[in-house]
1. Condition (residue is farther than 23 Å from Q15 by Cα, in a loop (DSSP other than H, G, I, E, B), touching a residue at least 60 places away in the same chain (Cβ under 8 Å) and not aliphatic (A, V, I, L, M)) applied to region 93-105: is it met by at least one residue?
2. Can you name every residue in region 13-55 that is touching a Lys or Arg at 6+ places or on another chain (Cβ under 7 Å), farther than 19 Å from A135 by Cβ and open to solvent by less than 20 Å² (accessible area, probe 1.4 Å)?
3. Within the group R82, R89, R59, R6, which residue is open to solvent by 30 Å² or more (accessible area, probe 1.4 Å), over 26 Å from V144 (Cα atoms), assigned to a loop (DSSP other than H, G, I, E, B) and among the basic types (K, R)?
4. Check whether at least one residue in region 130-150 is under 14 Å from G10 (Cβ atoms), touching a residue at least 60 places away in the same chain (Cβ under 8 Å), assigned to a helix (DSSP H, G or I) and not β-branched (V, I, T), and report yes or no.
5. Scan (1) more than 22 Å from G92 (Cα to Cα); (2) hydrophobic (A, V, I, L, M, F, W, C); (3) out of contact with any His (no Cβ under 8 Å at 6 or more places or on another chain); (4) assigned to a strand (DSSP E or B) for the single condition L16 breaks and write down its number.
6. Identify all residues within region 92-106 that are out of contact with any Asp or Glu (no Cβ under 8 Å at 6 or more places or on another chain) and surrounded by 15 or more Cβ atoms within 10 Å (Cβ to Cβ); write none if there are none.
Amino acid sequence: MSFNIRTGFGYDVHQLKEGLDFWLGGIKIPHTHGALGHSDADVLIHVICDALLGAANLRDIGYHFSDKDPKYKGIDSKILLREVMNLIREKGYEVGNIDSTVCLQEPKVNPHIPAMKTCLAEVMGIPEDDVSIKATTTEQLGFVGKKEGVAAYATVLIHRQAQ
């Protein structure tokens, strides 16, 4: 029996603004600043969505969930991730694994990684062990280092059984 294996890559950035809620990996992290965006601006979920969509050749998150559409204003990104999982499963794909990196000067992400992994795995219906989340700073360089924004990257492996 052979498998059809595909990879995908996602990258996203969001500006940080004082007084907004900070959502990352599906959980709310206490902080003075939050990410600015049309949805809840969860940069980690957005890169995972883009990587999954790309791997399945389904374009990108903006194509499916336009920031011009008022129905997505303030939407919980976990809803978008569930819909992306539905889209890739309609094409017969399942997630092999996800590897992601969040670039953020503060707050520190590492204490929140277990909760984020649990949340994302539950939303996607996959084992926690298939979700890797890492965090890094940029050593105070660039917009991340100046605490002006957050960036994230993700790679995914998806597969389907050959017919």
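1. Checked region 93-105: at least one residue is farther than 23 Å from Q15 by Cα, in a loop (DSSP other than H, G, I, E, B), touching a residue at least 60 places away in the same chain (Cβ under 8 Å) and not aliphatic (A, V, I, L, M).
2. L53, A55
3. Values: R82 fails: assigned to a loop (DSSP other than H, G, I, E, B); R89 fails: assigned to a loop (DSSP other than H, G, I, E, B); R6 fails: assigned to a loop (DSSP other than H, G, I, E, B).
Result of the check over R82, R89, R59, R6: R59.
4. Within region 130-150, none of the residues are under 14 Å from G10 (Cβ atoms), touching a residue at least 60 places away in the same chain (Cβ under 8 Å), assigned to a helix (DSSP H, G or I) and not β-branched (V, I, T).
5. Checking L16 against (1) more than 22 Å from G92 (Cα to Cα); (2) hydrophobic (A, V, I, L, M, F, W, C); (3) out of contact with any His (no Cβ under 8 Å at 6 or more places or on another chain); (4) assigned to a strand (DSSP E or B), the one that fails is (3).
6. Let us first name the residues in region 92-106 that are out of contact with any Asp or Glu (no Cβ under 8 Å at 6 or more places or on another chain), namely 92-94, 99-106.
Correct list: Y93, E94, D99, S100, T101, V102, C103, L104, Q105.
The values are calculated or read from the model by the stated rules, or taken from the named source; none is laboratory data. No experiment lies behind these values; they were computed from the predicted model shown. When we count neighbours, we look across all protein chains shown, and the Cβ atoms used for this are built from the backbone with ideal geometry, even at glycine. In case anyone asks, the SASA skips ligands and DNA or RNA and just uses the protein heavy atoms, side chains included. Shrake-Rupley method; radii C 1.70, N 1.55, O 1.52, S 1.80 Å.
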